[in-house]
Amino acid sequence: MSDILLRTAGLSFAYPERGSSPFARPAMRQVVKDVDLAVPRGSVLGLVGESGSGKTTLGRLMVRLLQPTSGSIQFDGAEIGRLGEVEMRPLRARIQMIFQDPQSSLNPRLRLGVTLTRQLKVFGRLKGRQDARDRAADLLELVGLPTGFVDRYPHELSGGQRQRAGIARALALQPDFIVADEIVSGLDVSTQAHVLLLLKELRARLGLTMVFISHDLSVVRVLCDDVAILKAGEVVESGPVERIFSSPQHEYTRSLLAAIPLPDVEPGWLDDAGPASIQHLQGSAA
Amino acid sequence: MTAILAVRDLHVAIGRRGHAANVLRGASVDVEPGEVRGLVGESGAGKSMLGRAILGLLPANAVITAGTIAFEGRDLLAMPEPERRKLLGRRIALIPQDPMTSLNPVRRVGAQIAAVLSHHLGLSKRQARARAGELLAEVAIREPGRVLDLYPHEISGGMRQRVLIAMAFACNPSLIIADEPTTALDVTVQRQVLQLVERLRQSHGAAILFVTHDLGVVAKICRTMTVLHAGRVLEDGMTADVLARPRHPYTRALLAATPRADRPAEALRPVPPALIESLWSEAHRLDRLADAGLPS
Amino acid sequence: MRWGEIIRRVLLIPPTLAGVGLIVFVLLRVVPGDPIAMMIPPGASAADIARLRALYGLDQPILQQFVVWSGQVLTGDFGRSISLHQRVFELVLARLPATLELALLGTVIAVLLGTVVALIGAYLRGRRAEWAIDGGVGLLLAIPDFLWALILLLLLGVILPVLPISGRIDPQLDIAFGTNFYLIESLLTGRLDVAAALLQHMILPALALALPFAALVARLLKAQLAEAEDQDYAQVARARGFSRPAILLRDVLPNALIPTVALGGVQITLLLGGTVLVERIFSYEGIGNMAIDAVINRDFPLIQGLILTFAVLFIALNLAVDLLVTLLDPRLRHG
């Protein structure tokens, strides 16, 4: 058993751009370029980037919702980059994804109890109706929601509660590996901190291995062991969180860190002429 | 100095009579000329409602049940509609939240800016277009002449937000309501936009009421700030003082719950649920008092 | 619309037409009703009937008849009408402009009327008067075009005889036309008196066609206007001090038109189909009216020619609607 649960090598993804003429050969748009990353068992890797950086696509490749154009993805020592849907199916129980918007990823017509245990049923791990209720209640308890929520519909929950329900659903099959895509970005500060600490507690308790996708470096620092900075589909810098935050090597990482407005009054912040400043903007193409 | 904007004891309720829910419970906010004031709160705090009330943009099912909004000494709520329309866009402007949806997708950028200029300043088509080009240059858009003829979908999100900022400053307003103007943007773009807003504010001499949930943004651009929760003002003061020495437990709790890139994870303290609960029960106690006709 | 999409659509036209042709051809011959029986004088001998049958090729197996007919159609020969003894192609070509002008006038009236009603309805949103608009639109929509034709004919032709109720133009007027597009020709050549006389004849049938379609436009557009007015750009326009009517016309309408045309544009085919009965009621000399005679007389070649004509019109209309949507939406134009 290797201590790296997920490893990507030369991972790339491209899709044909819609051409203006049906006769011209479509140009390929590279969304993920040559990504080499390793996620050790029991650790959390943060994937950070701005819009268009390819972080969500990379996450979807890792859970094989997308097929890579080239490169490899090894999960628990086995290559999964080329597996077909049928061959992937047994692995789906071990690999889960939590989505950005719990509002749209939870079926609005189903009670939480049903949503939470649906995958258990698909994988034949339920012993009747009472078992389903018990398992759903356990899952709700695990994420700090009242067990009475088994009979609630998603619209009856607050944003933070829905995100907890999304986490509970991903945990139902006791997966080894979870990709969480911007799951705290829509939440208020007071709720966000609770969800972050819940994730921290769960990974310690369940020994989860996670990839945590976010645009927000501050949030990544709370939860992750390692972080990879993405820009235009490429990893520009990666390493342990403390190292990246204390001594960023790449110019882009530095500009990202400098652009974060910390809640301290700092008079010169708006005048700084760094790479992310207005002076820079005027020089760039429109 | 007299305030350019004085919101006094504003009460707003949403929903049909009998089932109305209060969203503002006697909020008061002052903005002085040239000042940038942060209006901070989480979702449901009523911060956007307050901004919308000033602009007369409350949803159809919302009613202002009490309070006044004075702009340059005149009560906007008592003003006839046509008179208020003359102020909106000219003396009071808006920088909206979402640059992707706040520009009309079927009209060219230049036409949208020019419409404001000819509506309020009576500029001719030619003059308005020329001025629109100058405004685009002012918000650091290269080749403004070319961008005037583009449709919104042909420019980036950050650029659209700059176009909206140009439109807000177009008629040299004395007050700008900025409604979470950088929430939808990437951090690097956010910083550029904040720099830009500050630069234009100085050159045009406008005051800004900056609505946001982000204490970091407030710290960087607002001289003063007001903390809102459940439609009530909990704390109010100079940004430097409030952030360094928050007086209200809620402000303190918010600061402790904000993840910081410069501090390790252990520093994070979530907001105690009991605190939120007590704030809401206080808000509902005030509602019952108001329903009973008693002063709060 | 992208090039690929346009080419795909154009390539689909021949198979579509072939399919329509085959279905009509076979159906006509399977369904009871014999063109020969309709044209023979009483007491004709069996030999005479057989001779006529052979003359029109009706004694052959159906598929063989179809092969012969399609071969002729490909060379531009649609056969001869059994009842009118003329070439189908020329008959249709002579009458088609009348129907096109009528349908066009109906569409213009419907779009103008529907847009005005939708704008008023959207302006009155949330007020009690909105109910009156919705009710009126519902009523217009509930009554089909041929019933409108009868109602209009009765009201403005008989009870209050202010408008002519039959034909395309006054038979007393002896006017020479260079084309069969009478209205368009007279407008282009500046003969406004002639155009007025034509319009007097066309207005009632055009109205009958237009009213249900106007209601459809009004209902679709009003819903789209309401949706567009809730969008951020319309809200933000209010914060810039623009009045509601100005915002409705300048910001909301152009956006609401896009889905309205996309959804409602193809419904013009309903209006086109409505010409069949409405032309009959007003004795208007178009292909709709001709189609009824052709069916009564079991005039196979003429029916086939007319159905193919309608099919071509429907296809052209669908293409035109897609092009119009592309034209209205800059996001599609250079997407």
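Roughly how big is the A-B contact, given as buried accessible area in Å² (both sides, 1.4 Å probe, nearest 100)?
4100
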Build a GNM of chain A with springs between Cα atoms under 10 Å: which of A:Val179, A:Val150, A:Val32 gets the top mean-square fluctuation? A:Val150
Using a 1.4 Å probe over the heavy atoms of the protein chains, calculate the carbon and sulfur portion of the accessible area of chain A as a whole percent. 49
Which is farthest toward the positive dipole end of the protein assembly as shown among C:Ser81, A:Val31, B:Ile64, measuring Cα position about the Cα centre, with Cβ charges +1 (Lys, Arg) and -1 (Asp, Glu)? B:Ile64
Where does the charge balance sit around C:Leu209 when Lys and Arg score +1, Asp and Glu -1, over other residues with C-beta under 13 Å from its C-beta? -2
Sorted by chain and number, the residues with a modelled amide H under 5 Å from that of B:Asp236, at a separation of 5 or more or across chains, are B:Val227
Accessible-area loss of at least 10 Å² (1.4 Å probe, chain alone to full protein assembly) applies in the stretch C:191-240 to C:Asp232, C:Tyr233, C:Gln235, C:Val236, C:Arg238, C:Ala239, C:Arg240
Roll a 1.4 angstrom probe over the protein heavy atoms and tell me the percent of accessible area of the stretch C:92-287 that is carbon or sulfur. 69
Nonlocal Lys pairs with alpha-carbon distance under 25 Å, chain A (8 or more apart, or different chains): 4
Each residue of the stretch B:153-161 in turn: what ³J(HN,Hα) in whole Hz from Karplus with 6.51, -1.76, 1.60 and θ = phi - 60°, glycine and Pro shown as x? 5, 8, 10, 6, x, x, 5, 4, 5
B:Arg74/C:Ala246 FRET efficiency (R0 30 Å; Cβ-Cβ; nearest 0.05): 0.80
Using Cα atoms only, what is the angle between the long axis of helix C:46-55 and the major principal axis of chain C, expressed in degrees (0 to 90) to the nearest 10? 50
Nearest-ten-degree value, helix C:268-281 long axis tilted from longest Cα axis of chain C: 60
For chain A, take the longest principal axis of its alpha carbons; what is the angle in degrees between that and the long axis of helix A:128-142, to the nearest 10 within 0 to 90? 40
Sorted on mean Cβ neighbours within 10 Å (highest first), peptides C:219-231, B:35-47, B:126-138, C:63-75 come out as B:35-47, C:219-231, B:126-138, C:63-75
Kindly identify residues of the stretch B:142-162 having a loss of at least 10 Å² in accessible area between the isolated chain and the assembly of all protein chains, probe radius 1.4 Å. B:Arg142, B:Arg146, B:Tyr151, B:His153, B:Glu154, B:Met159, B:Arg162
So how far apart, in nm, are the two label points at C:Glu227 and C:Asp134 if each is 7 Å from Cα heading toward Cβ? 1.7
If the elastic network links every pair of Cα atoms under 10 Å, which of B:Pro33, B:Pro152, B:Pro59 fluctuates the most in the Gaussian network model of chain B? B:Pro59
Taking θ = phi - 60°, what integer Hz values does the Karplus form 6.51 cos²θ - 1.76 cosθ + 1.60 yield along the stretch B:117-132, in sequence order, with x for Gly and Pro? 5, 6, 5, 8, 9, x, 5, 6, 4, 5, 4, 4, 5, 4, 5, 4
On average, how much accessible surface per residue is there in the stretch B:103-170, in Å², for a 1.4 Å probe, leaving out ligands, DNA and RNA? 36
Under 19 Å from the Cα of B:Lys125, which aspartates and glutamates turn up, not counting those fewer than eight places away in the same chain? B:Glu134, B:Asp149, C:Asp251
Buried accessible area for the B:C pair, summed, 1.4 Å probe, in Å² rounded to 100? 2100
Choice from A:Phe123, A:Phe149, A:Phe13 showing the highest fluctuation, given a GNM over chain A with Cα pairs closer than 10 Å: A:Phe123
With a Förster radius of 35 Å, plug the Cβ-Cβ distance of B:Ile64 and B:Leu121 into 1/(1 + (r/R0)^6) and report the FRET value to the nearest 0.05. 0.70
Listed highest first by mean packing, meaning other Cβ atoms within 10 Å per residue, what order do C:260-266, B:201-207, C:154-160 come in? C:260-266, B:201-207, C:154-160
Gained length - B:Arg142 relative to B:Glu154, 0.36 nm times residue gap less alpha-carbon distance: 2.9 nm
Summed residue charge, Cβ within 13 Å of C:Ile82's Cβ, Lys/Arg positive, Asp/Glu negative: +1
How large a share of the accessible area of chain B, in percent, is made up of carbon and sulfur atoms when the probe is 1.4 Å and the other protein chains stay in place? 52
Per residue solvent-accessible surface (Å²) - chain A, probe of 1.4 Å: 45
With a 1.4 Å probe, how much accessible area is buried between chains C and A, both sides summed, in Å² to the nearest hundred? 300
If you place +1 on the Cβ of every Lys and Arg, -1 on the Cβ of every Asp and Glu, and leave all else neutral, what size is the dipole of the protein assembly as shown about its Cα centre, to the nearest 20 Debye? 580
Hey, what's the stretch B:178-296 come to in accessible area per residue, 1.4 Å probe, Å²? 40
For peptide B:254-267, what's the mean number of Cβ atoms from other chains within 10 Å of each residue's Cβ? 6
Please compute the average number of Cβ atoms from other chains found within 10 Å of each residue's Cβ in peptide B:190-200. 5
According to a simple spin-label model (label point 7 Å from Cα along Cα-to-Cβ), what is the distance in nm between C:Val295 and C:Met38? 1.1
Can you give the FRET efficiency to the nearest 0.05 for C:Leu93 and C:Arg51, using r as the Cβ-Cβ distance and R₀ = 30 Å? 0.50
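Taking the Cβ of C:Ile287 as the center, what net charge do the other residues with Cβ under 12 Å away carry, scoring Lys and Arg +1 and Asp and Glu -1?
-2
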Return the residues of the stretch A:173-195 for which accessible area with all protein chains present is lower than in the chain on its own by 10 Å² or more; set the probe to 1.4 Å and exclude ligands, DNA and RNA. A:Asp188, A:Val189, A:Ser190, A:Gln192, A:Ala193, A:His194
Karplus (6.51, -1.76, 1.60) ³J(HN,Hα), θ = phi - 60°, over the stretch C:129-134, in Hz, Gly and Pro reported as x: 5, 4, 4, 4, 4, 4
Average partner coverage of B:94-104, which counts Cβ from other chains inside 10 Å: 4
In terms of the charge dipole of the stretch C:92-287, which places +1 on Lys and Arg and -1 on Asp and Glu at the beta carbon, the residue among C:Leu152, C:Leu188, C:Gly286 farthest towards the positive end is C:Leu152
With -39,500 (n - 2.57) per DSSP H segment of 4 or more residues and division by the full residue count of chain C, the 222 nm estimate, nearest 500 deg cm²/dmol, is -23500 deg cm²/dmol
Can you list the residues, at least 5 places off or on another chain, whose amide H is less than 5 Å from the amide H of A:Ala14, using H built in the peptide plane? A:Val31, A:Thr69
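The values are calculated or read from the model by the stated rules, or taken from the named source; none is laboratory data. Just so it is clear, the model here is predicted, and its values are computed rather than measured. A quick note on method: Cβ atoms are made from the backbone with ideal geometry, for glycine too, and the neighbour counts reach across all protein chains shown. These area figures cover heavy atoms from the full protein model, side chains too; ligands, DNA and RNA do not enter into them. Shrake-Rupley method; radii C 1.70, N 1.55, O 1.52, S 1.80 Å.
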